[in-house]
Amino acid sequence: MKRFHTLLTAVLLCTAAAIPAAAQPAMTNVYGRDCQLLNGKWAAIIDPYDQGVPKEIFLNRTPQNDTEFFEYAFEGGLRLEVPGDWNSQSPELKYYEGTVWYARHLVVGTGAAQPAEGVCATAVEAPCDGERMFLYFGAVNYRCNVYLNGKKICTHEGGFTPFEVEVGGLLRDGDNFLAVEVDNRRRPDAIPAMAFDWWNYGGITRDVMIVRTPKTFIRDYFLRLDKASDSRLLLSVDLSEPVAGEVSLQIPELGIDRTLRTDAQGHGETSIDVKKLKLWSPEAPYLYDVRLVCGGSPLDDRIGFRRITVDGTKILVNGRETFMRSISFHEEIPQRMGRACSRADARMLLAEVQDLGANMVRLAHYPQNEYTVRMAEEMGILLWEEIPIWQGIDFTDRATAEKAHAMLREMIARDKNRCAIGFWGIANETRPSAARDAFLTSLLEAGRALDESRLFVAAFDNAYYMEKSDRFEMHDDFTRLLDVVAVNKYMGWYAPWPKDPGTIHWDICTDKPLIISEFGCEAQYGQHGDRHRASSWSEEYQEQLYIDNLAMFANIPNLAGISPWILFDFRSPYRFHPTNQEGWNRKGLGPRTAQKSVACDPRLLPLETGGAIEKEITPNH
Ligand code: GCB
């Protein structure tokens, strides 16, 4: 296995170098920079047969003489809201998986002729001397090609992490035509792959922005508490260019004003001793105003400092044992039947979590919006953030492995300064094999090299009750490499109880903390029935199942947290039952699942949301 792993890593390095025109990973803390949103309505063309490329619709040509005509036009057709998924914006797109083209004009310079009424356009100031401009996408599901003025400028794969491409030198004065070809088809070599238990929302699902920077700027930084000392901060920075330069770090409240010199590669590191640091914790989520300055240009952030470690079977936050009272949610607003995509959406989801009294969220099953992560941090909610390695992944495919590495890098690059994140999740429900072990080991090593300050976890579904030992056991050697092991176990739902729950014992990775990362069952809101019959889909059955599972958890010697599945019902083509599911996974618990039985009827929205969420919803078309 070791040899295979070394070989795989070597091959990965070669393939990475060979990939053409890939977008750059986004710069850290994009919202702290000079940025302009390109959100709003974009023109769109649905292209299920992928005819947009042969017809060169990215050129946006219009007839120039009497004989010319074109079989497309972006104006006068469909409009899609960005950020947002396309499925919830038009009835014919509800189940659509394929290509959609998005287009928008960028009108550069104040003197430029303005586009005609109704044309989707944004006025963009011309760059000042020496200024650079980047086009940033918070997330596009799943893969995309970006064209500017008829030229392909980048490609990106992966539906939940940000990317950018430099456009300063490509924009011209006046009208510029931006087209984004988005494809959300499921593929065997993708992550996630062919089937997964959530809706495959397609589209430009997060903010799109123009970001302006000086010529040389701080591309990346990582400021954190030294794992070994509560009174030392560690800072590393990378400039946009391989040049020796100066970066200063200011944290006024701590009296810190420190200058650091980067080496000829543009990389610098320093440690700073501090006195009387207030640590961040779920109980006291303290954040400091932090400023980094390079070449006179400031970059502001709010950063908290905390230590998350493992001591035997315990998880410690700042040295204190902390039991993870967690819950999961998908990035979805059930009432709208669409992707959560705004600050208001993040607020709604996290407010529910807070009402439940949870101290952690397992973000299911992919990196969610930066808004959510930042807001959780302000609210004192710990996070487990994971990449969408979800069952069915082709662990033998080198290209898939490279995608996993890219997703992990992009997730850590975006959120490594967010102290709310205590756990990086690298996989959900994978089964042992030499190929899987090599794939995940290489991912884990890469993750640890990027961030030594967090715990690495994966969720498994191969724990079983063994009659012989009268215990739950799990045989998966890969768990040895993780800091924390997590188990998804649906006792009472997918697996019948072998005996009285309160008498069941667990013997799984007893030298490490173990989190029950999923359990639960489906129930229809407001449906009453036999508390001992699963097929009643009743609230009573769900309640009894929770009582039974909690009785069993009491016997897990190394239990360090539980995370019920899930806050809200969520849409999923996996779920066929004609009356109890109707395309929804009904395991939701949250109070706003009051919309459960009526979730498909948007007329009831104001009633179900009490008006509060309704105001923040972008109207559908
Ligand atoms: C699981 C998966 C989760 C599913 C859930 C279910 O184990 O990790 O994505 O949604 O089960 O409801 O079956």
Q) Do you know which of the residues in segment 553-563 that are assigned to a loop (DSSP other than H, G, I, E, B) and surrounded by fewer than 22 Cβ atoms within 10 Å (Cβ to Cβ) is nearest to the ligand (Cβ to nearest atom)? A) 556
Q | Residue check for residue 534: free of Cβ contacts under 8 Å to residues at least 40 places away in the same chain, of a type in the set (A, V, I, L, M) and surrounded by fewer than 20 Cβ atoms within 10 Å (Cβ to Cβ) | A | no
Q: Select the strands (runs of 3 or more DSSP E) contained entirely in segment 73-157, then report the ones holding at least 1 residues which are small (Gly, Ala, Ser).
A: 99-108, 121-124
Q.
What are the pairs with Cβ atoms under 6 angstrom where one residue, in segment 513-524, is under 15 Å from residue 576 (Cα atoms) and within 12 Å of the ligand (Cβ to nearest atom) and the other, located anywhere, is part of a strand (DSSP E or B) and not basic (Lys, Arg)? Sequence gap at least six, or different chains.
A. none
Q | Spans of strands (runs of 3 or more DSSP E) in segment 437-490 with at least 2 residues within 22 Å of residue 410 (Cβ to Cβ) and among the hydrophobic types (A, V, I, L, M, F, W, C) | A | 455-460
Q.
Which pairs turn up if I take residues in segment 456-467 that are open to solvent by 30 Å² or more (accessible area, probe 1.4 Å) and look for partners that are among the charged types (D, E, K, R) with beta carbon separation below 8 Å, at least 6 apart in sequence or on another chain?
A. 461/429; 461/489; 464/473; 465/471; 466/473
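Only one of 367, 334 is modelled with pLDDT under 95, buried (at least 19 other Cβ atoms within 10 Å of the Cβ) and within 16 Å of the ligand (Cβ to nearest atom); which?
One residue alone meets the criteria, 334.
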Q. Of the residues 160, 137, which single one is in contact with a Pro (Cβ under 7 Å, 6 or more places away or on another chain), within 16 Å of the ligand (Cβ to nearest atom) and not basic (Lys, Arg)?
A. 160
Q) Among all residue pairs at least 6 apart or on different chains, which show Cβ distances below 8 Å where the first residue, located in segment 81-108, is within 21 Å of residue 59 (Cβ to Cβ) and the second is open to solvent by 20 Å² or more (accessible area, probe 1.4 Å) and assigned to a helix (DSSP H, G or I)? A) 101/58
(Q) Can you tell me which residue is most open to solvent (accessible area, probe 1.4 Å) among those in segment 410-435 that are within 16 Å of the ligand (Cβ to nearest atom) and over 21 Å from residue 316 (Cα atoms)? (A) 431
Q: Please find, among 483, 470, 451, the residue that is of a type in the set (D, E, K, R), touching a strand residue (DSSP E or B) at 6+ places or on another chain (Cβ under 8 Å) and open to solvent by less than 10 Å² (accessible area, probe 1.4 Å).
A: 451
Q) What tally of residues in segment 218-242 results from selecting those that are more than 25 Å from residue 276 (Cβ to Cβ), open to solvent by 20 Å² or more (accessible area, probe 1.4 Å) and not in a loop (DSSP other than H, G, I, E, B)? A) 3
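Does any residue of segment 243-252 turn out to be part of a helix (DSSP H, G or I) and either modelled with pLDDT of 95 or more or not aliphatic (A, V, I, L, M) (or both)? Working first, answer last.
Looking only at segment 243-252, we keep the residues that are part of a helix (DSSP H, G or I), and these are 252.
If we keep only those that are either modelled with pLDDT of 95 or more or not aliphatic (A, V, I, L, M) (or both) as well, we get 252.
Looking through segment 243-252, at least one residue is part of a helix (DSSP H, G or I) and either modelled with pLDDT of 95 or more or not aliphatic (A, V, I, L, M) (or both).
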Q.
Looking only at segment 161-186, how many residues end up being open to solvent by 10 Å² or more (accessible area, probe 1.4 Å), outside any strand (DSSP E or B) and either closer than 15 Å to residue 102 by Cβ or touching a residue at least 40 places away in the same chain (Cβ under 8 Å) (or both)?
A. 6
**Q.** Test result for residue 550, touching a strand residue (DSSP E or B) at 6+ places or on another chain (Cβ under 9 Å), away from the ligand (no atom under 12 Å from the Cβ), assigned to a helix (DSSP H, G or I) and free of Cβ contacts under 8 Å to residues at least 40 places away in the same chain
**A.** yes
Q) Taking segment 388-409, which residues are within 16 Å of the ligand (Cβ to nearest atom) and crowded, with 22+ Cβ neighbours inside 10 Å? A) 388, 389, 390, 393
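The values are calculated or read from the model by the stated rules, or taken from the named source; none is laboratory data. As the structure is a computational prediction, the values presented were derived from the model and not from experiment. With ideal geometry, Cβ positions are generated from the backbone for all residues, glycine too; neighbour counts draw on all protein chains shown. Calculation scope for accessible area: heavy atoms of the full protein, side chains included, ligands and nucleic acids excluded. Shrake-Rupley method; radii C 1.70, N 1.55, O 1.52, S 1.80 Å.
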